[in-house]
Amino acid sequence: MAVAESGTGFSASGRMIAKTYLFLAFAWLARTHLPPGQAGRAREAGFRQERFKELIRHVEDSGAPMGIREAARMVSVSPHHFCKMFKRLTGRTFTDFVNRCRMRQAAKLLLETGLSVTEVAERVGCSNPNYFTRLFKQYVGMTPSQARNRALPDRTQAGGTDW
């Protein structure tokens with residue numbers, strides 16, 4: 001920082017390079033000279049990130065609804081800390097993520113099965129069909145019946161949705 005603040009003859013890119021090397025030096029010093037308890041925290045953070053990846057895969061694969069408390073338990077953190085970490089890692093809330101996965105699963109069921117909208121709602125964890133219809137419309141942009149009638153574009157079947 002002292003190099004960047006001095007402003008003596010360094011170009012903007014030169015200051016950026018200097019900051020990068022200082023950052024790398026400090027990171028190396030912290031990694032190699034941290035007290036034992038601190039090093040354990042760094043390993044634990046890496047472990048938690050892996051647990052988050054496992055959780056995300058589980059939610060995407062199952063499409064089953066999952067509460068924040070249950071998800072927080074799976075990654076061994078408090079529900080409050082879980083919400084903050086999930087948002088930081090994914091850019092969206094856990095509830096939004098779960099709902100997107102559920103609506104993808106619902107769209108797939110609507111297109112690939114003859115199940116009624118109520119049955120699809122129940123399969124993705126919505127016991128109230130009216131709530132399911134509102135949620136589906138929020139994420140997909142049309143009602144479940146409209147989606148089935150229009151046979152959503154092939155991008156949904158290919159898994160390339162942007163919702």
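The values are calculated or read from the model by the stated rules, or taken from the named source; none is laboratory data. Just so it is clear, the model here is predicted, and its values are computed rather than measured. All Cβ positions, even for glycine, are placed from backbone atoms using ideal geometry, and neighbour counts span all protein chains on display. With ligands, DNA and RNA removed, areas are computed over all heavy atoms of the protein, side chains included. Shrake-Rupley method; radii C 1.70, N 1.55, O 1.52, S 1.80 Å.
Some observations on this one:
- Residues located in segment 101-128, provided they are touching a helix residue (DSSP H, G or I) at 6+ places or on another chain (Cβ under 6 Å) and buried (at least 18 other Cβ atoms within 10 Å of the Cβ): Cys101, Met103, Ala106, Ala107, Leu109, Leu110, Val117, Val120, Ala121, Val124, Cys126
- Subset of segment 118-155 that is aliphatic (A, V, I, L, M) and within 28 Å of Arg57 (Cβ to Cβ) - its residue that is modelled with the lowest pLDDT: Leu152
- Boolean, Lys84 is exposed (fewer than 14 other Cβ atoms within 10 Å of the Cβ), in a helix (DSSP H, G or I) and not polar (S, T, N, Q): yes
- The residue that is modelled with the lowest pLDDT, among those in segment 59-76 that are assigned to a loop (DSSP other than H, G, I, E, B) and open to solvent by less than 20 Å² (accessible area, probe 1.4 Å), is Gly63.
- Residue in segment 28-39 that is open to solvent by less than 60 Å² (accessible area, probe 1.4 Å), β-branched (Val, Ile, Thr) and either modelled with pLDDT under 90 or under 16 Å from the mean Cα position of the chain (by Cα) (or both) present: no
- For segment 100-143, a residue qualifies if it is within 21 Å of the chain's Cα centre (by Cα) and hydroxyl-bearing (Ser, Thr, Tyr), and exactly one does: Tyr139.
- Flag for Val98 being under 29 Å from Phe132 (Cα atoms) and either modelled with pLDDT of 85 or more or among the hydrophobic types (A, V, I, L, M, F, W, C) (or both): yes
- Single residue of Glu112, Glu50, Glu60, Glu70 found to be of a type in the set (Asp, Glu) and within 23 Å of Arg150 (Cα to Cα): Glu112
- Pair list, Cβ under 6 Å, 6 or more apart: segment 49-78 residue more than 20 Å from Arg100 (Cβ to Cβ), other residue assigned to a loop (DSSP other than H, G, I, E, B) and open to solvent by less than 70 Å² (accessible area, probe 1.4 Å): Arg51/Val75
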